[in-house]
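The values are calculated or read from the model by the stated rules, or taken from the named source; none is laboratory data. Note that the structure is predicted; figures quoted are calculated from it, not measured. Cβ atoms come from the backbone with ideal geometry, glycine included; neighbour counts cover every protein chain shown. What goes into the accessible areas is simple: the full protein's heavy atoms, side chains included, and nothing from ligands, DNA or RNA. Shrake-Rupley method; radii C 1.70, N 1.55, O 1.52, S 1.80 Å.
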Amino acid sequence: MKIPYKTISILLLLLYFSKKILVIGMIVVGAIFFPEASKTLRHYCFGDGSQLEVSPDYIKNSPVIKKHLAHMKIGEKHKVGFHQWEDWRLSFALNPFTIEKQKHKIIVTQWMEFAKKDKVVTWLFIIPMPDNIVHTFDCTPYLFHSEWEY
């Protein structure tokens, strides 16, 4: 059986660009199910390093955010880390993050700079994904920022 030259070429291209395809796939699929994470990853891989403003629509209703805010006083600022199972959607975008409770608003931030070594992984449910896979692109660190009034 003879394998067509085009088939071999396509397979070699897919193999060569597999990390890029995987990261772009996470951005595209994430836009549907995990929009905050998709926006975070897209800005890290293709952004200019400017602060990323993220809508608080989901973040302010996260069980992790609500739990921590319930124990905070006005003027407090906490660094928060949590288990992925506590809020999968938030964990794909932020973890750990800083939360600040001001008199009339809440501010959530995280300096976004993914690990460059393969020791740090993010679990995509049952698949461990090394954080450094994103560095298949020329990534730029930035500040994630979301705030809302209460």
Counting only C-alpha contacts under 8 Å and six or more residues apart, can you give the relative contact order of the stretch 89-150 as a whole percent?
-> 37
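Using a 1.4 Å probe, what is the accessible area per residue for the stretch 71-150, in Å²? Intermediate results must be reported in sequence, preceding the final value.
On the way: 4880 Å² over 80 residues.
I get 61 Å² per residue for this part.
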Around Lys77 (Cβ within 15 Å, Cβ-to-Cβ, excluding Lys77; K/R +1, D/E -1) the net charge comes to +2
Leaving ligands, DNA and RNA out of it, report the carbon-plus-sulfur percent of the accessible area of the stretch 1-77 at a 1.4 Å probe.
-> 68
Once label points are set 7 Å from the Cα along Cα→Cβ at both Ile127 and Val28, what is their separation, rounded to one decimal in nm?
-> 1.4
Hey, for a label at Tyr150 modelled as a point 7 Å past Cα toward Cβ, could you say which residues of the stretch 21-62 have their backbone N under 19 Å away?
-> 54-62
For the stretch 23-66, with every protein chain kept in place, what is the accessible area per residue (1.4 Å probe, Å²)?
-> 49
Sum up the charges of everything whose Cβ sits under 9 Å from the Cβ of Val108, counting Lys and Arg as +1 and Asp and Glu as -1, but leave Val108 out.
-> -1
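Figure the gain on full extension for Gln84 and Asp138 (residue separation times 0.36 nm, minus the Cα-Cα span) and round it to one decimal in nm. Present the calculation step by step, with values, prior to reporting the outcome.
Working: separation 54, 0.36 × 54 = 19.44 nm, distance 2.70 nm.
Between Gln84 and Asp138, full extension yields 16.7 nm more.
Tell me the net charge near Glu86. Cut-off is 12 Å between Cβ atoms, Glu86 excluded, with +1 for each Lys or Arg and -1 for each Asp or Glu.
On the way: positive: Lys66, Lys67, Arg89; negative: Asp87.
Spelling it out: positives minus negatives among the neighbours equals +2.
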Report the extension gain between Lys117 and Lys105 in nm, rounded to one decimal, defined as 0.36 nm multiplied by the number of residues separating them, less their alpha carbon distance.
-> 0.7 nm
Which of these values of percent of Cα pairs over 25 Å apart was calculated from the structure shown: (1) 16; (2) 36; (3) 25?
-> (2)
Let me have the relative contact order for the chain, percent, based on Cα pairs under 8 Å that are six or more residues apart.
-> 28
